[in-house]
Each structure stands twice: as structure tokens, then as C-alpha cells.
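Just below is one structure, and these are the notes that go with it.
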Amino acid sequence: MLHIVLVEPEIPQNTGNIARTCAATGSVLHLIRPLGFDISERAVRRAGLDYWDLVDVREYENLDDFFARNRVEQMWLFSTKAPRCYTDVSYEDGCYLIFGKETKGLPEPFLQAHSQCCVKLPMREQARSLNLSNSVAVGCFEALRQLGFPHLKQYGKMKP
């Protein structure tokens with residue numbers, strides 16, 4: 001199982017796409033406030049997110065609340081400022097993949113405090129960054145690939 005953590009996501013469509021990735025992969029979605037949108041049952045129903053009930057969504061007031069309520073043994077912080085590539089690390093079952101808000105990424109002090117956990121997606125220097133939902137999908141599927149897609153094989157869509 002993977003844990004996808006979004007720190008202060010701003011764009012509802014990105015979080016909707018990420019929730020769909022979590023639904024398809026069985027990953028837990030952690031949302032750290034403030035959120036740039038409403039995820040009440042009514043808002044989710046109105047947006048037509050028919051897969052929302054397949055997602056284990058957990059909300060937190062801030063990063064301190066998140067760490068107080070979770071035992072994080074391995075985490076990878078995705079940032080364009082990271083020194084190494086996301087494929088150069090080993091993902092463990094139950095790891096947390098942490099992504100920042102669309103406009104600013106993760107807070108700089110948080111990145112500095114956990115610099116040994118920072119990874120990036122390779123891209124051209126002129127490109128600012130990939131869309132958040134694309135970055136999450138790339139990171140999520142690399143971690144699952146390394147883990148051998150253990151819990152997805154049972155659905156018959158993966159070859160052993």
C-alpha cells in the first residue's frame with residue numbers, strides 16, 4: 001500500500017485526478033489543509049466523482065497534525081529542487097509520497113529539514129514542472145513497479 005500526501009492542494013481537478021489514481025491503485029490519499037476547494041459529500045457528488053467512495057481520504061489541519069497521527073517510516077518528498085531522481089531510490093511498502101501545492105511546491109524549511117528524502121522527476125530546464133496529478137501518477141506507479149504491484153495482481157490486470 002502507498003500513501004499519497006498532498007500539502008495544501010489548490011486545484012480541485014488535480015486532486016480529483018489524484019483521487020482517481022488512488023482509487024485505481026488502492027493508495028491512501030492524505031490531504032493537508034488548507035484546501036483550495038470543498039470536498040464535502042455534497043460537493044463531491046455535484047462534481048460527479050463516482051469513484052470517491054473507493055478512496056480512503058484522510059484530512060489534516062497541517063503537517064504537524066499529519067505527522068502526529070501517522071507513523072511515517074519512509075517518505076519521499078517530490079520537488080523540482082531535489083538533488084536526485086525518483087527512480088534512484090527504493091520504495092518500501094507503506095511509504096509516503098509527499099507533494100506540495102501547485103503554485104509553490106513544498107515549504108522550503110520542510111524540504112531542508114528532510115533533504116535526504118527529496119526526489120525529483122527529470123525534465124527540461126526550461127519547463128517549470130509537470131502538472132501535480134501527472135507527477136503523482138508517475139511517482140505512484142514507479143513505487144508500485146518497484147514493489148511488484150503486490151495488491152493489484154489479484155484483480156487480473158497485472159501479469160505476475
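Could you grab me the full set of residues in region 83-93 that are open to solvent by less than 30 Å² (accessible area, probe 1.4 Å) and in contact (Cβ under 8 Å) with a residue 40 or more places away in the chain?
Listed by number, the list holds a single entry, Y91.
Read through the list (1) closer than 18 Å to L31 by Cα; (2) open to solvent by less than 70 Å² (accessible area, probe 1.4 Å), then give the number of the only condition that K104 fails.
Result: K104 passes all but (2).
Looking only at residues in region 146-160 that are assigned to a helix (DSSP H, G or I) and farther than 21 Å from H30 by Cα, which one is modelled with the highest pLDDT? I'd like the intermediate steps shown before the answer.
The initial filter retains those residues of region 146-160 that are assigned to a helix (DSSP H, G or I), namely 146-147, 153-155.
Imposing the further condition that a residue be farther than 21 Å from H30 by Cα reduces the set to 146, 153-155.
Values: Q146: 94, K153: 62, Q154: 62, Y155: 58.
Selected residue: Q146.
So, in region 27-49, of the ones that are farther than 24 Å from D65 by Cβ and among the small types (G, A, S), which residue ends up most open to solvent (accessible area, probe 1.4 Å)?
Going residue by residue through region 27-49, those that are farther than 24 Å from D65 by Cβ are 42, 45-49.
Now drop any that are not among the small types (G, A, S), which leaves 47-48.
Values: A47: 68, G48: 50 Å².
Across region 27-49, the extreme among qualifying residues is A47.
Please go through region 59-82 and pick out each residue that is open to solvent by less than 80 Å² (accessible area, probe 1.4 Å), touching a Lys or Arg at 6+ places or on another chain (Cβ under 8 Å) and free of Cβ contacts under 8 Å to residues at least 40 places away in the same chain.
Of everything in region 59-82, those that are open to solvent by less than 80 Å² (accessible area, probe 1.4 Å), touching a Lys or Arg at 6+ places or on another chain (Cβ under 8 Å) and free of Cβ contacts under 8 Å to residues at least 40 places away in the same chain turn out to be E59, Y60, N62, A82.
Can you pull out the residues in region 8-26 that are closer than 22 Å to D64 by Cα and open to solvent by 10 Å² or more (accessible area, probe 1.4 Å)?
Taking region 8-26 and keeping what is closer than 22 Å to D64 by Cα, we get 8-10, 15.
Scanning region 8-26 gives E8, E10.
Criterion first (touching an Asp or Glu at 6+ places or on another chain (Cβ under 7 Å) and at pLDDT below 95) does G36 satisfy it? So that I can check it myself, show each step before the final result.
On the way: touching an Asp or Glu at 6+ places or on another chain (Cβ under 7 Å): yes; at pLDDT below 95: yes.
Answer is yes for this residue.
Restricting attention to region 107-125, and to residues there that are farther than 10 Å from R84 by Cα and of a type in the set (A, V, I, L, M), which single residue is surrounded by the most Cβ atoms within 10 Å (Cβ to Cβ)?
L111
Being open to solvent by less than 60 Å² (accessible area, probe 1.4 Å), of a type in the set (A, V, I, L, M, F, W, C), farther than 21 Å from V7 by Cα and in contact (Cβ under 8 Å) with a residue 24 or more places away in the chain: is that true of L144 here? Working first, answer last.
Details: open to solvent by less than 60 Å² (accessible area, probe 1.4 Å): yes; of a type in the set (A, V, I, L, M, F, W, C): yes; farther than 21 Å from V7 by Cα: yes; in contact (Cβ under 8 Å) with a residue 24 or more places away in the chain: yes.
Yes; evaluated as a whole, the condition is true for this residue.
The values are calculated or read from the model by the stated rules, or taken from the named source; none is laboratory data. Nothing here was measured: the structure is a model prediction, and the numbers come from that model. Here Cβ is always computed from backbone atoms with ideal geometry, including for glycine, and neighbour counts include all displayed protein chains. When the accessible area is computed, the model is the full protein with side chains, heavy atoms only, and any ligands, DNA or RNA have been set aside. Shrake-Rupley method; radii C 1.70, N 1.55, O 1.52, S 1.80 Å.
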